[in-house]
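Colleague: What follows is a single structure, and I will ask about it in a moment.
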Amino acid sequence: MVKALIIYGSLTGNTEEIAEVIAAELETRDIPVTVYEAMDADPEDLLDYEIVLIGTYTYGNDAEIPDEMLDYYDAIPDMDLSGKAFGTFGSGDDFYPKFATAVDDFEEQFIKAGAARVGDNCKINMAPDEPEDIAALKLYANQLADYFQK
């Protein structure tokens, strides 16, 4: 049975809300989902799931990866994640010139680890309050589910 893992870092709660929407949609497809805040899991946990997702916000003017996500960022490229589908998502603030670039940074790490990119990463401006945000997140979750449920 295909299982999904979502690990996220959320300063304001926005990325946590995004993770919840994705998890709920995957569960409608009968995919069991485990959701952890970054500090409650370890990078090695990614090895136990077929669908692995990282959700992060982007920190500050310099578009940094948040401290609580650094262990994952550093560990992922050294892992063998071949055969796994990955997703990256996060919240950002379009006020900043570098919008949610930590999401892109994680995408690159997963590619280095051999995981399969399924669809484009998903970036939400602030919180997922708009109907189009929810629709995009559900579409994203369904693309990941479809990868294994062909």
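The values are calculated or read from the model by the stated rules, or taken from the named source; none is laboratory data. This structure is a prediction, so every number in the text was calculated from the model and none was measured. Heads up, the Cβs are rebuilt from the backbone with ideal geometry, glycines too, and the neighbour counts pull from every protein chain shown. The protein model used for the area step is the full one, side chains on, heavy atoms only, and it has no ligands, DNA or RNA in it. Shrake-Rupley method; radii C 1.70, N 1.55, O 1.52, S 1.80 Å.
Colleague: Would you please name the residue that is most open to solvent (accessible area, probe 1.4 Å), looking only at residues in region 90-111 that are over 16 Å from G13 (Cα atoms) and of a type in the set (S, T, Y)?
Modeller: Applying the filter and picking the extreme gives Y96.
Colleague: A75 is checked against (1) surrounded by fewer than 21 Cβ atoms within 10 Å (Cβ to Cβ); (2) at positive phi; (3) touching a residue at least 24 places away in the same chain (Cβ under 8 Å) and fails just one. What number does that condition carry?
Modeller: Checking A75 against (1) surrounded by fewer than 21 Cβ atoms within 10 Å (Cβ to Cβ); (2) at positive phi; (3) touching a residue at least 24 places away in the same chain (Cβ under 8 Å), the one that fails is (2).
Colleague: Which of the residues spanning region 31-71 are part of a helix (DSSP H, G or I), open to solvent by 20 Å² or more (accessible area, probe 1.4 Å) and touching a Gly at 6+ places or on another chain (Cβ under 7 Å)?
Modeller: Going residue by residue through region 31-71, those that are part of a helix (DSSP H, G or I) are 38-40, 43-48, 67-71.
Checking which are open to solvent by 20 Å² or more (accessible area, probe 1.4 Å) leaves us with 39-40, 44-45, 47-48, 67-68, 70-71.
The answer is E68, and nothing else.
Colleague: To continue, here is another question. Exactly one condition in (1) at pLDDT below 95; (2) in contact with a strand residue (DSSP E or B) (Cβ under 6 Å, 6 or more places away or on another chain) is not met by F95; state its number.
Modeller: Going through (1) at pLDDT below 95; (2) in contact with a strand residue (DSSP E or B) (Cβ under 6 Å, 6 or more places away or on another chain) one by one, F95 breaks only (2).
Colleague: Pairs only if they're at least six apart or on different chains, beta carbon under 6 angstrom, first in region 107-119 and among the charged types (D, E, K, R), second open to solvent by 20 Å² or more (accessible area, probe 1.4 Å); list them, first residue then second.
Modeller: Every condition considered, the pairs that remain are E107/N121; K112/P77.
Colleague: Give the residues of region 72-89 that are part of a strand (DSSP E or B) and of a type in the set (G, A, S), sorted by residue number. First the steps, then the outcome.
Modeller: Keep residues of region 72-89 that are part of a strand (DSSP E or B), which gives 85-89.
Once the filter is applied, which keeps residues that are part of a strand (DSSP E or B) and of a type in the set (G, A, S), region 72-89 yields A85, G87.
Colleague: So, one more: Which ones in region 112-149 are part of a strand (DSSP E or B) and open to solvent by less than 70 Å² (accessible area, probe 1.4 Å)? Walk me through how you get there before you give the answer.
Modeller: To start, the set of residues in region 112-149 that are part of a strand (DSSP E or B) comprises 116-117, 122-125.
Listed by number, the residues that qualify are A116, C122, K123, I124, N125.
Colleague: Residues being among the hydroxyl-bearing types (S, T, Y), closer than 26 Å to D93 by Cα and surrounded by fewer than 14 Cβ atoms within 10 Å (Cβ to Cβ): count how many of those fall in region 1-30. Give the steps one after another, and end with the answer.
Modeller: Kept after step one, since they are among the hydroxyl-bearing types (S, T, Y), are these residues of region 1-30: 8, 10, 12, 15, 28.
Narrowing the set further to residues that are closer than 26 Å to D93 by Cα leaves 8, 10, 12, 15.
Of the ones still in play, those that are also surrounded by fewer than 14 Cβ atoms within 10 Å (Cβ to Cβ) are 12.
Matching residues across region 1-30 total 1.
Colleague: Out of all the residues in region 128-149, is one or more among the small types (G, A, S) and over 20 Å from E27 (Cα atoms)?
Modeller: First, the residues of region 128-149 that are among the small types (G, A, S): 135-136, 141, 145.
Subsequent filtering for residues that are over 20 Å from E27 (Cα atoms) retains none.
No, because not a single residue in region 128-149 is among the small types (G, A, S) and over 20 Å from E27 (Cα atoms).
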